[in-house]
1. Filter the range 387-411 down to the residues that are within 30 Å of Lys475 (Cα to Cα) and not in a loop (DSSP other than H, G, I, E, B), then identify the one that is most open to solvent (accessible area, probe 1.4 Å).
2. Based on this model, can you work out whether Gly394 counts as modelled with pLDDT of 90 or more, over 23 Å from the mean Cα position of the chain (by Cα) and within 23 Å of Val73 (Cβ to Cβ)?
3. Do we have Ala83 as of a type in the set (A, V, I, L, M, F, W, C) and closer than 24 Å to Glu207 by Cα here?
4. Pairs under 7 Å by beta carbon, first residue over 23 Å from Thr383 (Cβ atoms) in the range 253-271, partner in a strand (DSSP E or B) and open to solvent by 60 Å² or more (accessible area, probe 1.4 Å), six or more apart or different chains?
5. Examine the range 226-233 for a residue that is open to solvent by 10 Å² or more (accessible area, probe 1.4 Å), touching a Leu at 6+ places or on another chain (Cβ under 6 Å) and in contact (Cβ under 8 Å) with a residue 60 or more places away in the chain, and state whether such a residue exists.
6. May I ask you to list the residues in the range 399-426 that are among the aromatic types (Phe, Trp, Tyr) and farther than 22 Å from Glu521 by Cα?
7. If we scan the range 346-353, do we find a residue that is closer than 21 Å to Asp67 by Cα and among the basic types (Lys, Arg)?
8. Please specify each residue of the range 124-154 satisfying the condition of being exposed (fewer than 10 other Cβ atoms within 10 Å of the Cβ) and aliphatic (A, V, I, L, M).
Amino acid sequence: MKKELIAALGVMTLVGSVYAQKPKNTPKPLDGMARIEQVMGLINDNYVESPNLEKLSEKAVVSMLTDLDPHSVYIPAKDVERANEGLQGNFEGVGVSFQIMHDTINVAEVIVGGPAEKVGIERGDKLITIDGKPATGDSINNAWVPKHLRGKKGTKVQIEVLRGTQKLNFEVVRDKVPLYSVDTYFMVDDTIGYINLSRFARTSVDEVRDAIKNLKKQGMTALMLDLRGNGGGFLDIACGLANEFLPARHLIVYTEGRNSPRQNFMSNFMGSFRKGSLVVMIDEGSASASEIVSGAIQDWDRGILVGRRSFGKGLVQRMYELKDGAQVRLTTARYYTPSGRCIQRPYDKGSDAYRDDINRRYKNGELVSRDSIRFADSLKYKTNLGRTVYGGGGIMPDVFVPMDTMRLSQYFIDLRSKSIINDWTTDWANKHREEYKSVPFEEYLANYESLELVKQLEAYALEKGVVRDAEAEAKEPERVSHSDRYMHELVKALVAKDLYGREYYYRVMKEIDECFKVALEQLRKK
C-alpha cells in the first residue's frame, strides 16, 4: 500500500510540475494555420500510439468546411469520379440502369448509344452472372452492381442474362456512356411542347437545343420547361440554358464574393427560343442552376413560373484539386438574379436545420398554401415590368400550385413503403414483354382498362400482407377515391415505362399532374 501511495504521489508530482512550469513571457497568439500545424506535430511526435494522420487531417478538413456553409465540401480522391459523373454528362461502363428485385438485377433501362445497347442487351433482361460470378442472391445490392459493371474504357466484361426462359451471353466492351439530362420531350398538342430537364450537365444546353429544334418541326410555338426536382449544376451551363430564351444583351445573373469581383453573365444572339410563350415549372427540389434560369426568366418577364417555391441555393462553388487527387468544392461567391436578388436561404442555424428545411416547410403548411409563405419587405425587388418579387429564400413562382397530399391514403403509403407497386409493375412488364413488342403505346393506353392491372396489384399486395383498412377508409372517402385514381394512373405509367421507355412515364402522368395542368392552362390563356 505504501509503495502504491508513493507511486501515485510521484505521478501527481510529475503532472503538477508540468502544469507549474509557466512560461516567463506571455505567448504570442497563433494564427489558424500555425495552430493546426502545431497540434498535428504534437500528435505525430508525442501521441501514445501511432496516429493515422491522413484520417485525422481528412476529418479536420471536413469539419472546417462544414462550419463554413452547407455547400462547401471535401471529396476524397476515391470518390471524385463518381461525384462528378452527373455534372460531366458521362461515365465509363456498360450503360444500363438497373433495379434489384427478388435478389435479382433487372435491367430497367438501356442507355441509348451505350455499349450494352450495341451488343443487344434489352430492357427487362435479368443478369445471372457477371464475369462468371453469380449476380443473384442476398449479397447483391446497389453498391455491388456498379462495382462489377463499371470500369475503364476498353476493358471487357462477360454478362449472362435471362430473357424470358432463354439464357444469353454478351461480351461488352466498356466505353464512355452518355448521361442524358433531358428525360423526355414531346408535343402536348398541336402548338405546345414539353421538355423535362432532370439535371444540368455539360451536354444539357445541346440536348435542350436539339429538343427545341425537333419540337419546332412539329409545330411548337409555346413551351413548357419542367425544372421540378432539378438540383442544378454548372453555372455556365445554367447561363447557356437561360440564353436560349432571353433576347440578346440581357443580364442573366451576376456573381460577387469577398475575393471575387462582380462578374456579369449576359445573353447573346444565339438563343433558339427567344420568342414564343414560355412557362417554367419549379418546386422545392429545384435548386442552384434551376434557380438561375427561372430567376432570369421571371426578372425579365420572359415567361411565367408555375409550381412551388424553389430550394434556395444562391452560392457559387469553385472546384479546387488537391495534390493527392482529392477535391474541395469551396463557396467563393454568391449569385444574384438580374433584379439583384440573392435567393440563398439562411444557414446560420447549422447544416441539420438547413437540410431539414423542406420538412419545416411541410409542417408550416408552405407546400400546400401560398398564404403560409412570408417574405420580409427588405427582400422586395421589381421585375423588368415592375412586378414584385422576393429574394432571400428561393424563387417564388408567379402561379402557386400546392402539393397534392390527398393522394397519400394509408393504403397507398403502405404499398409504396414496401416497394410493392414498383416490384409488381416490373414483374408484370417482364412477363408480358414479348407480346407487347409489337403493340404500339397508343394501343396499350386504349386497352389499359381491360387489363385490370390495379386489381391484380391489390391481389399481389394481399399476398404480401398489405390489406385495406375498410373502417378507416370509410372515414375519409374523398381521400381514398383520389388516392385510388392516382394509383391507377401511376400503375399505367410505370408499366408503360418498363415496356416502352422512360419518356412514356411522363406521357401518362401528365394526366394527373396538377402543376402540368396549370402550366398548360397558362399557355393556352396566352
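1. Of the residues in the range 387-411, the ones within 30 Å of Lys475 (Cα to Cα) are 400-411.
Among the residues that remain, those that are also not in a loop (DSSP other than H, G, I, E, B) are: 400, 410-411.
Working: Phe400: 38, Gln410: 113, Tyr411: 13 Å².
The residue in question is Gln410.
2. Working: modelled with pLDDT of 90 or more: yes; over 23 Å from the mean Cα position of the chain (by Cα): no; within 23 Å of Val73 (Cβ to Cβ): yes.
The answer is no for Gly394.
3. Numbers: of a type in the set (A, V, I, L, M, F, W, C): yes; closer than 24 Å to Glu207 by Cα: yes.
Here the answer is yes, as Ala83 does meet what is asked.
4. Close Cβ pairs (under 7 Å, with a partner that is in a strand (DSSP E or B) and open to solvent by 60 Å² or more (accessible area, probe 1.4 Å)) amount to Gly257/Arg334.
5. yes
6. To start, the set of residues in the range 399-426 that are among the aromatic types (Phe, Trp, Tyr) comprises 400, 411-412, 424.
Answer for the range 399-426, where residues must be among the aromatic types (Phe, Trp, Tyr) and farther than 22 Å from Glu521 by Cα: Tyr411, Phe412, Trp424.
7. Step one: filter the range 346-353 for residues closer than 21 Å to Asp67 by Cα, giving 346-353.
Among the residues that remain, those that are also among the basic types (Lys, Arg) are: 349.
The answer is yes; a qualifying residue exists.
8. Ala143
The values are calculated or read from the model by the stated rules, or taken from the named source; none is laboratory data. Remember, predicted model here, so these are calculated numbers, not experimental data. Here the Cβ is made from the backbone with ideal geometry for all residues, glycine too, and neighbour counts use every protein chain on show. The area values use the complete protein model at the heavy-atom level, side chains included, leaving out ligands, DNA and RNA. Shrake-Rupley method; radii C 1.70, N 1.55, O 1.52, S 1.80 Å.
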